[in-house]
Amino acid sequence: MLDLIKKAKETHCLSKEEIILLLKDETHTSDLFSAADEVRKEFIGSDVELRALIEFSNYCRNNCCYCGIRRDNRNAQRYRLSSQEIISHARMAFEAGYKTVVLQSGEDVYFTTERLEKIIQAIKETGMAVTLSIGEKTYEEYKAYRDAGADRYLLRIETTDRNLYHRLDPGMSWDNRANCLKIIKELGYELGSGSLVGLPGQSIESIAGDILFFKEIDADMIGIGPFIPHAQTPLANAEGKAFFLSLKMMALTRLLLPDINIPATTAMEVLHPNGRMLALNSGANVVMPNVTQEQYRRLYQLYPGKTEVSAKDCPTDPIVDQILRSGRTISSTKGFRGEYIKGEKT
Ligand code: SAM
């Protein structure tokens, strides 16, 4: 195992079989996490990127079996911010010192291209980078947001196991999602993707395939989240909560894609009281504090426990203190991939 970790650290290449061995191994996890931490240090340096997350609507036309805001969850209390509220959330984040906002929502058809263009343009006037995480769109829509100034787009592939995807995301097409990622990259966005880990029926082999897929699409950011079952979904009784497997997948992603941005995800913090710091010490370099106003944030219930973790968040998230106390620094840039060449800012 140590030889494989060394190989990954030095060459940033592993075969699928080698990734599977490391994902299955339980005895050298701390060596794996340290190697990922060292690669992060070498390629990115000690800066942690903070991105302000605004969850602006929980209306969704999709029906993903794992997700608390799925269309058929009649118990979900729906909300959407007005364009003006979204812009003022972003301005508050800017005043609190953020350099990037992430606008996330369910697939809410109320937000037409025209509405989104105006929102993006208004936020861009602050000088902040704008990341969108609003699901599957057409080429024309992605192009319009990009022309309006959007810099990054996050769309997790969720799993590269097509059969599993089609079972858990009824009515959706894996090929279409993969094609969206291709379009996003072609349009010059920074491309964010990622996976859920611990889905019922998900194999270690497919998780290894996910990591190779991230390399293949040349993702600029990868978010890996443990799946946490939500009581009001068809997967209420699934096991999920695969914290350490998620951490291992994240560490391997750092070893194989050494210079990308990797968030310490909220779902990790939900499953472990120090989850985000553990992730930051195992390859991650991004944190996305939730700056959505409390009355909306508690309704964006993708999975249980999320609201409690993000209740700690505010423009001055206590994670910032934890980061500084751990000897890391807070980035003063917008954190685009490639701003660092081997740990030094360009
Ligand atoms: N609608 C957009 C999309 O499809 O990309 C963005 C919003 S979607 C709710 C954001 C992410 O939440 C999904 O990509 C999924 O990985 C994650 N998620 C949903 N349900 C979850 C659960 N039960 N546990 C952990 N993460 C979950």
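Worth a mention:
- Using a Förster distance of 22 Å, the FRET efficiency for E308-Q77 (Cβ separation, nearest 0.05): 0.80
- Cross-link reach is defined here as a Cα-Cα straight distance under 26 Å, omitting same-chain residues fewer than 8 places apart; for K24 the lysines meeting it are K6, K7, K9, K16, K41, K215, K241, K248.
- Each of M1, M268 has some number of other Cβ atoms within 10 Å of its Cβ, and from fewest to most they run M1, M268.
- Most simply put, the chain has about 10% antiparallel DSSP beta bridges, counting only bridges with both residues inside it.
- Where labels lie 7 Å past Cα in the beta-carbon direction, separation of F336 and L21 in nm: 4.0 nm
- Each part gets one Cα centre, and for the stretch 169-225 versus the stretch 48-107 those centres are 21 Å apart.
- Computed label-point distance, nm, for sites Q121 and S88 using a 7 Å Cα→Cβ extension: 2.2 nm
- Loop chymotrypsin sites (Phe, Trp or Tyr not before Pro), the stretch 15-115, which have at most 12 other Cβ atoms in a 10 Å radius of their Cβ (DSSP): Y110
- Residues K7, K16 arranged by fewest to most Cβ contacts within 10 Å: K16, K7
- I87 sits among other residues whose Cβ lies under 12 Å from its own Cβ, and their net charge, with Lys and Arg +1 and Asp and Glu -1, is +2.
- Low-density loop positions, GluC sites (Glu not before Pro), the stretch 20-49 - DSSP coil, at most 12 other Cβ in 10 Å: E26
- Over all pairs of different C-alpha atoms, the stretch 2-331 has a mean inverse distance whose reciprocal, the Kirkwood radius, equals 19.8 Å.
- Straight-line cross-link reach from K124 at under 19 Å between alpha-carbon atoms covers these lysines, not counting any fewer than eight positions away in the same chain: K99, K143, K334.
- For q = 0.18 Å⁻¹, Debye-computed log10 I/I(0) when each Cα of the stretch 169-318 counts as one equal scatterer: -1.21
- Förster radius 45 Å - calculated FRET efficiency between A96 and R167, Cβ distance, rounded to 0.05: 0.60
- The label-point distance for N237 and Y110, in a model that sets each label 7 Å from Cα toward Cβ, rounds to 3.5 nm.
- The fewest-to-most ranking of C65, C13 by surrounding Cβ atoms within 10 Å reads C13, C65.
- The helix-based estimate of mean residue ellipticity at 222 nm for the chain, built from -39,500 (n - 2.57) per DSSP H run of four or more residues and divided by its residue count, is -12500 deg cm²/dmol to the nearest 500.
- Over the chain, relative contact order from alpha-carbon pairs under 8 Å, at least 6 apart, %: 26 percent
- Efficiency of FRET from Cβ geometry, E344 and D321, R₀ 30 Å, rounded to 0.05: 0.70
The numbers here are math on the coordinates, done by the rules we state, and not lab data. The structure displayed is predicted, hence computed values, not measured ones. With ideal geometry, Cβ positions are generated from the backbone for all residues, glycine too; neighbour counts draw on all protein chains shown.
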